[in-house]
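So the structure is just underneath, and the comments pick up after that.
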Amino acid sequence: MEISFWQERWQKNEIGFHLPQVHVWLKRQWPQLIEQGKLSTKSRVFVPLCGKSLDIGYFLDMGHKVVACELSIEAVTELFKQLKLQPSITPWGDGQCYQAANLCVYVGDFFTLNTQDIGNVECIYDRAALIALPPAMRSDYSEKLIQLCPKANMLLITLDYVQSQMSGPPFAVSEQEVQEHYKTKHHVSVLVQKDIIEKEPRFKKRGLNSLTETLYWLAPNQI
């Protein structure tokens with residue numbers, strides 16, 4: 001899957017993956033994780049392949065600092081516009097860095113990020129990154145995340161379905177695959193799991209008879 005694929009999707013506004021509201025599970029689970037002491041109110045959050053997710057605004061409203069990465073400059077421009085933030089724009093690698101208040105977004109290739117770019121991250125929030133990547137790229141992606149944020153917790157949302165019934169993205173990612181990517185470095189637990197096909201008619205039209213959404217909490221293993 002080439003970078004140009006996602007850039008073209010944004011240019012053509014073919015962004016059915018973009019949620020028009022903050023993810024309901026995030027709003028429900030995030031405060032509980034803070035109450036349980038698994039996160040702090042000052043956590044720095046990393047959002048890979050962020051698009052123009054409204055979830056970022058939620059994190060900012062909660063008082064968190066957010067660092068993110070996105071390929072599409074259109075998506076990042078719209079993100080700052082909807083947040084009513086005027087970014088300062090500086091060069092970064094082969095891309096640019098957009099920064100304002102508690103938000104920093106790197107526009108460019110995720111795989112060129114380094115730990116200095118990301119800083120000390122307490123939690124990774126992956127709502128639509130892993131499932132946006134084809135199988136051949138997912139191992140490299142998960143390894144890069146661990147390299148960038150070795151001590152970070154992760155809140156991960158996936159979709160699973162019979163892959164032969166529909167071509168991705170979003171791609172089907174099973175619980176077994178999540179374990180394969182992360183179990184050597186993290187304890188993986190399921191917070192919420194639900195078949196959401198009846199609320200997703202566009203996927204039903206594409207041939208799916210079941211669509212399982214899962215919210216995982218990944219805690220790094222104690223060293």
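The values are calculated or read from the model by the stated rules, or taken from the named source; none is laboratory data. Values in this document were obtained by computation on a predicted structure and should not be read as measured data. We place every Cβ from the backbone using ideal geometry, glycine too, and count neighbours over all the protein chains shown. Areas reflect the complete protein model, heavy atoms only, side chains present, ligands, DNA and RNA absent. Shrake-Rupley method; radii C 1.70, N 1.55, O 1.52, S 1.80 Å.
Straight-line reach from K84: taking Cα to Cα under 19 Å and skipping same-chain neighbours fewer than 8 places apart, the aspartates and glutamates in range are D55, D61, E70, E74.
The value of relative contact order for the chain, using C-alpha pairs under 8 Å at least six residues apart, is 16 percent. Distance between the 7 Å Cα→Cβ label points at K144 and V190: 2.9 nm. Among the aspartates and glutamates, which fall within straight-line cross-link reach of K199, defined as a Cα-Cα distance under 17 Å, with same-chain neighbours fewer than 8 residues apart omitted? By straight Cα distance, K199 reaches D160, E213.
For the pairs K38/K183; K27/K204; K42/K185; K38/K204, flag any whose C-alpha to C-alpha distance is greater than 28 Å. Write out the running numbers ahead of the final one.
Values: K38/K183 18 Å; K27/K204 26 Å; K42/K185 24 Å; K38/K204 36 Å.
As for pairs spanning more than 28 Å Cα to Cα, those are K38/K204.
Determine Rg/Rh for region 54-154; Rg is computed over alpha-carbon atoms and Rh is the Kirkwood hydrodynamic estimate from the same atoms. Walk me through the intermediate numbers first.
Details: Rg = 13.4 Å, Rh = 14.2 Å.
For region 54-154, the value is 0.94.
Taking every DSSP beta bridge that has both ends in the chain, the antiparallel portion is near 65%. Its Cα gyration tensor gives region 84-223 an equivalent ellipsoid. The semi-axes, each the square root of 5 times an eigenvalue, are 29, 20, 14 Å from largest down. Sparsely packed loop sites in region 50-137 (the trypsin sites (Lys or Arg not before Pro) outside DSSP H, G, I, E and B with at most 14 other Cβ atoms within 10 Å) comprise K84. Share of carbon and sulfur in the accessible area of the chain stands at 49%, probe radius 1.4 Å. Measuring only protein heavy atoms, the 1.4 Å probe finds V190 accessible over about 60 Å². Looking at region 151-208, which trypsin sites (Lys or Arg not before Pro) are in a loop (DSSP not H, G, I, E or B) and have at most 14 other Cβ atoms within 10 Å? Listed in order of number, the matching sites are K151, K183, R206.
Write down the Å³ per residue value for the convex hull defined by the alpha carbon atoms of region 51-90. Please list the in-between numbers first.
Values: hull volume 3.0 nm³, N = 40.
In region 51-90, the Cα hull volume divided by residue count equals 75 Å³.
Quick one: check the C-alpha center-to-center distance for region 19-81 versus region 160-205, whole angstrom. Each part reduced to its Cα centre gives a spacing of 21 Å. Calculated accessible area for the chain comes out at 50 Å² per residue, all protein chains present (probe 1.4 Å; ligands, DNA, RNA ignored).
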